[in-house]
1. What FRET efficiency do you get for A:VAL522 and A:ASP585 if R0 is 25 Å and r is their Cβ-Cβ distance, rounded to the nearest 0.05?
2. Which residues in the stretch B:244-272 have a backbone N closer than 19 Å to a point placed 7 Å from the Cα of A:THR329 along the Cα-to-Cβ line?
3. Using a 7 Å offset from the Cα along the Cα-to-Cβ direction at both A:TRP608 and A:GLU383, what is the distance between the two label points in nm, to one decimal?
4. Which positions within the stretch A:550-592 get 40 Å² or more of their accessible surface covered by the other protein chains, compared to the chain by itself, with a 1.4 angstrom probe?
5. Beta carbons within 10 angstrom, averaged per residue: use that to sort the peptides A:117-124, A:567-574, highest first.
6. Using alpha carbon centroids, what distance separates the stretch A:556-608 and the stretch B:42-59, in Å?
7. Under the classification rounded if a/c is under 1.5, otherwise prolate if a/b is larger than b/c and oblate if not, where does the protein assembly as shown fall, given a ≥ b ≥ c as square roots of the Cα gyration tensor eigenvalues?
8. Count, for each residue of B:70-79, the Cβ atoms from other chains sitting within 10 Å of its Cβ, then give me the mean as a whole number.
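The values are calculated or read from the model by the stated rules, or taken from the named source; none is laboratory data. What you are looking at is a predicted structure, and each value in this text was computed from that prediction instead of being measured. As a convention, Cβ positions derive from the backbone with ideal geometry for all residues, glycine included, and neighbour counts pool all protein chains shown. What goes into the accessible areas is simple: the full protein's heavy atoms, side chains included, and nothing from ligands, DNA or RNA. Shrake-Rupley method; radii C 1.70, N 1.55, O 1.52, S 1.80 Å.
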Amino acid sequence: MTGSNPLVRDRDVDFLLYEVHNVLDLCKLPAFAEHGRETFDLFLRSAAKLARDSLFPLFREMDEQPARLVDGRVHEHPKMGELYARMVELGIVTAGRPEEVGGAQLPSCITSMAYLYLMAGNGGAVGYPLLTAGAGHLIESFGSDALRELFLERMYGGSWSGTMALTEPQAGSSLGDITTSASPIEGREDVYRIKGNKIFISGGDHQFLDNIVHLTLARRVGDPAGVKGISLFAVPRMRPVAGAPEQLEFNDVHTSQLVHKIGWKGLASLGLSYGENEDCRGWLVGKPCQGLRYMFQMMNEARLLVGANATATASAAYHESLAYARVRTQGRRLDRRTGADSSGPVALIEHPDVRRMLLRQKAIVEGSMSLIVASARYADLAEHHEDPARREQARLLLDMLTPVTKSFAAERGFESTSLALQIHGGYGYSSEYLPELWMREQRLNSIHEGTTAIHSLDLLGRKVVAKGGQALMTLAGVIGADIQAAHQHGELVELCEAVTHELERTGKLTQVLGARGLGGDVIGMLAHSVDYLTLFSNLVVAWQWLRIAGASCKALQGPLADERRAYYQAKVEAARYWIRTELADNARLAKLCESAEDSYLKVPDAGW
Amino acid sequence: MKILVTVKRIPDPDESLKFAGGGLDTSSSKWVPNAFDEYAVETALRLAEVAGKRDRLAEVIVMSICPAKQRQHVTQFLAMGADRGVVVDADDSELDTIAVSKAIAAVAKSEGVDLTIVGKLSQDNEGNQVAQRVAGLLNVPQAGFAATVKWDKNAGTLDVGREVDDGVEHKLVPLPAVVSVDLRVVLPTSIKNGVTADSHKYQEGPRLASLRGITMAKRKKVKVLKLSDIGVSSAGSEQVVAVAPPPARPSGQIVGSVEELHEKLAKEAKVL
């Protein structure tokens, strides 16, 4: 371990928010008119401090002392309650929510960067309050006043936590197959008797708060099979006693299993069993049979959070390996003079391939951070812009970028974290150093909240072809405008041309694949969906790097101290790296997708 | 009771130093609050509040001498829970230790404060003079480097624990007084105000500026004064002659034997 790791560099957050994405423009919208730079800076500084001083110091310890299941209850790390209280006190549970429910209505651009800091400090620990925020938001959006009164205040206030309970042992990605049932209770209109089993429920039990509210998908008896029959219920572990609502009694929600996993050990993942004694009550949220639609609100939020977690994890690992490469000496320079060389070993960072690995990490981490801010900005505009047409446009872009923001960070973030381990050499493979832990943490991100394959099908099978390709055309317009802006900087012309070319290639490829699907050849369209997602991600991140390079060139036009000049020059080099190496790979990927290369489809089943 | 806490913004100590024109170049510095002043504010808040309740035993005023438009650190301390602020609008070039001490004494006097709490030093120049000078100017008792503070409201005194070489020294100071605080004052049970239970454990370290606090801070009053408003003339008694980085340390040597080491220690280093 090398000194103090910034986890996420403040300078990068400020640069992206204010120089690349002009986030202060959002304060012109009535929804954010109360806010300004000072509020954003102070909040982000508090988040960074909490991450560095409280969350990160417990990161390794929480991995080494995971939660235990004793007599049917989970015993979490003894410091988790204190961390939870500090995160609630900071205000992250309701930071983005409106004032009437106790929030501050900060833009998502700002909350997402606050989450980034906290996740880089200790992703598992941050899971508890963020799951509570997502669960609370479901009740806030779709629940009745009575339901809000019953649950929301205590969840947002920090005395109860929340979870999302979707997956069942036999139904993970395929939620239409869930079997958890809800039977009517005579005389109770919106309260049902719940019975069934859920698995992989993060934060599903702990002892640092009085109660946990599971936002649970279940099927009412008699409702249709498949996704159309799924309803959403709030199922608390402890329920208010009839006639004495301040008192709580057990609601027949049992912890049946503790999942032993390779990372995220600070956040217990559990099997839950509802209604073993036929006495589990669930409160219907919103209308019946709308459960999956409602849950998509939480899932889409969670997908962006997974992208943020993956980016945060990769960022912490990048900064660790950068510091290590600066101090660890090993070997001599490749271009040293042979013979009478008396110079000592050089720092790792002087070796060309180490520099490649560092720049690759930088390109992935900062490109992904920029994409998170871009997506968050569209979320803000989709929700709060005064012009309905702008809201609609932002919604289209957000929906299309969500699978990319999640999957790019997860897939390439894992690669980036692996490079951080590689730079540590043999020490990186030991558990004395942190990169192995970040790698184990990172591995989850391409699995939960929709696997990479699911997101690739969502992108190619749904998002880019929806409404005759309207979203893709909108994105092409936005990218085109940014290319034009960057083109004024002479040294970016090469990069602008490459992005223009690949934008056109992506458009044409999408047309070909879309037509193939329309013609009934669904396998021909989607067999290479993950390659398509990679191609699309390469383009979208190249777009981000072009924006970053444009902002950097603008700053470089003025007088700058050496250190700041170096800061911006490094951004331009990272943009070059990404566009010349990764974006250049799109030709190969496009060929794979377009030719519907079919080797893996043709392997005879008996031949594997 | 009224408590005045002095707070300063300093260039981020985690950034590398830059030199220009015979002095430090802070033109591109990131400014952060001085850590010891964060401890001072935390001390004041723990003295003033009744843990778990809204009652307050004292008003906490934070004061800073800085350019009026660069007072984000004051907002941060208001967000932590201080009640109001006083900013003396001045540029660093107008200030030296005497001017700063006089300005603090003048504000303490005009506000009629019972207790002035300062960080033991600022991390940028580590002067450690302000508390002593302010106490002298106000002609009140002082207790420096507080590690614990216990307030006896009825007697109007503070019992200040100071960690010294041979143990912990306790000073009993009658109010009004000036106290400077050290690192340990933010341990969970360092501050006792006689109303919050002595067994109450605070979170270690100064509290964060919460989002709710930040929102509320914008509505809190900040009085802006000029040095001339409080009868203080600008700097003139101190002069910076030069600032330069220390010479680089020579690299170490690997010796082949104990004898060689002995010889080098004796002849080159001349420490034997």
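1. Details: r = 26 Å, r/R0 = 1.03.
Computed FRET efficiency for A:VAL522 and A:ASP585 comes out at 0.45.
2. B:248-257
3. Between A:TRP608 and A:GLU383, the label points sit 4.3 nm apart.
4. A:GLU563
5. Details: A:117-124: 28.8, A:567-574: 19.0.
In decreasing order of mean packing, A:117-124, A:567-574 become A:117-124, A:567-574.
6. That distance is 56 Å.
7. Numbers: a/c = 1.79, a/b = 1.27, b/c = 1.40.
Here the protein assembly as shown falls in the oblate category.
8. Mean inter-chain Cβ contacts per residue within 10 Å come to 2.
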